[in-house]
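Data first, discussion second: the structure below is written as C-alpha cells.
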Amino acid sequence: MLPGMLSAGQVEKVVSEVAGRIIESVHARALDLIHETLWWEQDRLSTPEPGAEAEALADKLFYAEIRRQLPRLPESEHRALLERIVCRYANEIAGNFNPAVYKLAAKLGPPVLSAMLTGLSPRRLFQRDGIPRLDQHLIIEGDVATLGRLHDRGTLILTPTHSSNLDSLVIGLAIQQLELPPLTYGAGLSLFRNPIVGRFLQNLGAYAVDRRKRDPLYKRTLKEYATVSLEFGQDNLFFPGGARSRSGAVERKLKKGLLGCSVAAYRNNLIHSRPKPDIYIVPCTISYPLVLEASTLVEDWLAEAGKSRYIIVDDEFSRWERWLDFLRDVFSLDLKIHLRFGQALDPFGNSVDAHGGSIDPRGRPIDPRGYLEVKGELVDDPIRDAEYTRSLEQRIIREFEIGNVIHSTHVLAFACFELLRRARPDLDLYRLLGSIGPEQTLALPEVEAEIELILVELAALAEANELRLSRIVADVAAHGDTRTLIRTGLLAFGSYHNRPVVERRGIRLHVSDPKLLVYYRNRLDGYGLRAAPSLPSIAPQKQGYGHG
Amino acid sequence: MVESQARSVSVLGAGNWGTTVAHLIGQNGYQVRLWARAPEAAAEINERRTNTRYLPGLSLSTNIVATSALEQAVADVDLIFIVIPSQAFRTVCAELGPLVRPAQLAVHATKGLELGSYKRMTEIIGEETSLRQIGVLSGPNIAGEMCSGKPAGTVVASRFPRVIEAARELLRSKQLRVYGNTDVLGVELGGTFKNIIAIAAGMATQMQLGENAKSLLITRGLSEIARLGVALGADPLTFSGLAGIGDLMVTCASPVSRNHRVGAALARGMTLTEAIDSLGMVAEGVKAAKIAHELMIAHDLRSPLMEGVYRVLYEGLSPQQGLRELMTGAVQDDIDPSLVRSAP
C-alpha cells in the first residue's frame, strides 16, 4: 500500500463510519429526512442528464422501491431505510476510488502524466526533438520544506485557488515532484465523465461529488466523508472556492461547509485521543498567464443573473483540440504556471510554524485545543466552530491575495480596460463591454503610460508583500521596460484564444475580445490599483451553489 | 449551554467605567479581580474600598480584589473584561498577549476606534492576542447612575453565544438587563459615533435651541451613524437598539457626559484646546469626529451633522455658523434608502 493512501479495507471502513455517524446524529426525524431526500432526488431525476441515463435509471428504481416500502414499514424500521439511502450516497462518493488501480497509476504517474500533458497524440510526440514536459513550465514556490514535516506531524488539507480544471493535474504534478504522498479530493461527477481525464481521474485518489444532488442529506454525507478521511490521516485537497473562478479574480469568498471539516476532524481526533490529531490547512495559489477555459468561464460570469450555469460540462476541458492548442502555446511561448504554497494554518486560522505548532498573531506558541475547551473539557458547539471556520476563511483569502502571481497578460489587460473604463465613466460593466467595438482603439503610447503607472503601484505592492510578480513583470517593473511587457502580453493574447484578446495594428492596440479582457484584468481586481472600482462587486450575484 | 457554576472573572482598567463594571459584578456575589495600572489605585481599592479619582463617594463591593500586576489579574480566569481607553487599548492588549490562553473569553467595553488605523477594539484584540472568543459591552450606561443602583439595560455583542451567556450571567441583576446581539461591528460603531452627535447636542443645549432642535439632532444623527455603519458592514437594525438609539439618547440628554460638555464649552466660545483643558479628560467624540470625517470621504458619504461637528472642532467654524449651514443644507429623505434596502 502506498504511504498516506487509504487501502480498500480502510475505504470500506470510512464508508461505514460515515453512515454510522449520520444515522447516529439523526434523532426522531428519520421519516422527515427520507421524505426530504425523495423530494430532492425526484426533482433532480425529473431533468435528464445526458450521458448518465444508466445511473438515472438505477436511481429511479432505487427510490421507487423506497417509496413502495415506506408506508408498509413500522416507524422502528425508518432508520434502517434511511441508512440504506446514506450508504448508497457514501458508496457512490467513495465508489470510484480503486486503490489497486491507484497504486499502478501513481507508480506510472510521472511518465503517464507527462505524456498526457505533453504529447497527447503520438504523432505530436515524434514531431519534436524530445518530449516537452509541462513540469518544466511549472514554477513551484513557497515554503515546500515545511509541507513534508507537516505531513509527518499531522494531516494536510491543500486549499488552492481554482481557475481551471487543469489545477488538480498541476497539483498532482507538484505533489509528485515534491515527493509528497498523494492527496484525495472531491471531483465533480461530470469530470469523471470527461473524455480526456475521466478514466484517469477515477483512479487518482478522487472521490465523486455530484453537484446535481441538492439533497441536504447528500451534502452532509459528503462533508462527513471528507471529515472521516481526514481522521484516517488521509491528506486532502479542497478547492475552497467551490468552483472555478468565473470572473478570473482570486476568490474572495469561500465555501465554509467543506472548510469546516478541518475543525470537526481536529475535534474528533482530540476526543478519541488520536496520536497525530493536528490538521494543517495549506492555502496555495495557481497563477496561469493564460487559462484554458477562460472564454467559457467569463461567458458564464457575464450571463444575466439566473441564466448562469451551476455546472459546466461542455467546456474547453473536454475538447482535445483546445488542450492541444493550449499546451502548444504554453510550450512555444515558454509560459510559466506558478504554484505558490502559502502560510500553513491550523483549523482556527492561526499560522503554524515549521514544526507544526500553532502560533498566535505575534508568533508566540499556543495550544489550539483550548479553543474547543470549557474548563479543560472538550465541548461541542457548532456555532463556535462555524465562527472559527470564518476566521480560517479570512486567513485563506488573505493568503490567496498575497500569493497571487501577476503575469504580463494581467497587467496589459488591466491597463487597456482601465483606459476604456475611464473614457466612459457613465457606463456600467455591461454597457461598457457592449460599447467596445472594432472602431475603438488605444494608442500605444497611451497604453505604455498607463502600464508605467500600474507598474509603479505593482512594484510597491510586491515590495510590501501584498502580491507577487512573475519574473518578466518584476524585471520590467525594475527596468521600466514597458514595451517588453506589452510584447509578451500581446504574444500570449494572440496565441491560444480563438480571437486575440488584444492585438497591435501599427501604433494602435485593438481589443478584439472585451470579455476576455475583463477576465484577465480581474486577476488584479481588489488591490485598489489606479483607484479602480472592484468589478465583481458590480456584476450580478449568482444564486445557489455555483459549482462545476 | 448556560452553566450555573460561578465563573472567575477579571476587569482590566480601574477608570470610571471599569471600576463600575467590577463593582456591579462584585455586587452580584462574584469574586472579581480588578487591574489598575497604578499600584496606588489598586492599594486604595483594596484597603479603603474606594476609587476617589473616578467614583468619589462610592463604597466599592468587597468582592473586588484589585491588583496592578496584569499577569496576576488574568491568570486562569474564564472571562476578561477589557475597559481601557481607546488610545491605550493596543498597548494593554500587547502586554496581555503572552499572558492569555485560547480557552479564555474576553469582552471589551471601550467606545472608540484606533486613530490612524480606524481599527475596532475587537480587531486589536485579534491582532495582539490569541483570544478569539470575544465580544463587546455597550449601551446607555452612565456609571454614576449604575453605581447608585438605578435600573438600566445594556448589550453584549459577540459571534460566540457562550461569550454573551458568560457576560450576561455575571452582569445581570434586578437593576440591569443584559441583551445579546451578534452584530459586533454595529455595536462597536454605534458606541463610537454617537459621541460626535453628543458634542452637537452639547452645543445645542448651550445655545438654548430647545427640545425640538435636540430631537432633530438625535434623529438625523442616528440616521448618519446608521448610514456610515452600514457602509462599513453593520446591520442597520443594530442602530435601533440599546447600543444605537439607546446610547445616543442618553449621551445627548445628559449634561454630565464629557462629549456634551465639550460641545457646550465650544458654544460658549472656547477653542477646542481650552474646552479639552477645562474638562481634564479625553472626550472620545473629538477623536471620533476626525475618524468619521475620514471614513466618510473614503466611502463617499454625506453626513452634514457629523461633518459640521468636525469643522467646528478642526477647522475653526463657529458652532453658530455650523448650525446655520446645517439648517440651510439640502433636505434628504427622512429614512435613508440605503437603510431600507439593507434591512433584512
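Rule-based calculations on the coordinates, nothing more; no lab input. The shown structure was predicted, so the numbers you read here are calculated from the model rather than taken from an experiment. Here the Cβ is made from the backbone with ideal geometry for all residues, glycine too, and neighbour counts use every protein chain on show.
So for the pair residue A:386, residue B:338, with labels modelled 7 Å out along Cα→Cβ, what separation do we get in nm?
2.8
Considering amide H positions built from the backbone, and no H for Pro or chain starts, which residues 5 or more places from residue B:66, or on another chain, come under 5 Å of its amide H?
Distant-sequence amide H within range of residue B:66: B:34, B:46.
Order of A:441-447, A:285-291 by packing, highest average Cβ count within 10 Å first?
Going from most to least packed, we get A:285-291, A:441-447.
Show me the ranking of peptides A:329-340, A:479-490 by mean Cβ neighbours inside 10 Å, starting with the highest.
Peptide ranking by packing, descending: A:329-340, A:479-490.
If I require 18 Å or longer along the helix axis, counting alpha carbons, and a Kyte-Doolittle average no lower than -1.0, what helices from chain B are left? Use full DSSP H segments.
Helices meeting the criterion: B:184-206, B:211-231, B:284-298.
What order, most packed first, do the peptides A:260-268, A:216-224 have when packing is the mean number of other Cβ atoms within 10 Å of each residue?
With the highest mean Cβ count within 10 Å placed first, the list reads A:260-268, A:216-224.
Rg and Dmax of the protein assembly as shown, Cα atoms, in Å?
My reading of the Cα-based Rg and Dmax gives 30.9, 96 Å.
If you find the alpha carbon centre of the range A:449-468 and of the range A:484-505, how far apart are they in angstrom?
First find each Cα centre; the distance between them is then 21 Å.
Given the protein assembly as shown, what percent of its DSSP beta bridges are antiparallel, to the nearest 5?
35
Once amide H atoms are built 1.01 Å from N in the peptide plane, which residues 5 or more positions from residue A:6, or in another chain, come under 5 Å H to H?
Result for residue A:6 returns nothing.
Give a quick list of trypsin sites (Lys or Arg not before Pro) in the range A:2-72 that DSSP marks as loop, anything other than H, G, I, E or B, with at most 16 other Cβ atoms within 10 Å.
A:29
Would chain B count as rounded, prolate or oblate if I go by the C-alpha gyration tensor, calling it rounded below 1.5 in a/c and otherwise prolate when a/b exceeds b/c, oblate otherwise?
In terms of gyration-tensor shape, prolate.
What is the Cα centroid distance between the range B:248-285 and the range B:62-100, reported in whole angstrom?
Going from one Cα centre to the other spans 29 Å.
Report, in deg cm²/dmol and to the nearest 500, the calculated mean residue ellipticity at 222 nm for the protein assembly as shown, where each DSSP H run with n ≥ 4 adds -39500 (n - 2.57) and the sum is divided by the residue count.
Taken over the protein assembly as shown, the calculation gives -15000 deg cm²/dmol.
Can you pull out the trypsin sites (Lys or Arg not before Pro) in the range B:174-280 whose DSSP state is coil and whose Cβ has at most 10 other Cβ atoms within 10 Å?
B:174
Of all DSSP beta bridges in chain B, what percent run antiparallel (nearest 5)?
Looking only at bridges with both residues in chain B, the antiparallel portion is about 15 percent.
By count of other Cβ within 10 Å, fewest leading, how are B:199, A:507, B:164 ordered?
Starting with the residue having the fewest Cβ neighbours, the order is A:507, B:164, B:199.
Could you size up the charge dipole of the protein assembly as shown around its Cα centre, putting +1 on the beta carbon of Lys and Arg and -1 on that of Asp and Glu, and report it in debye to the nearest 20?
560
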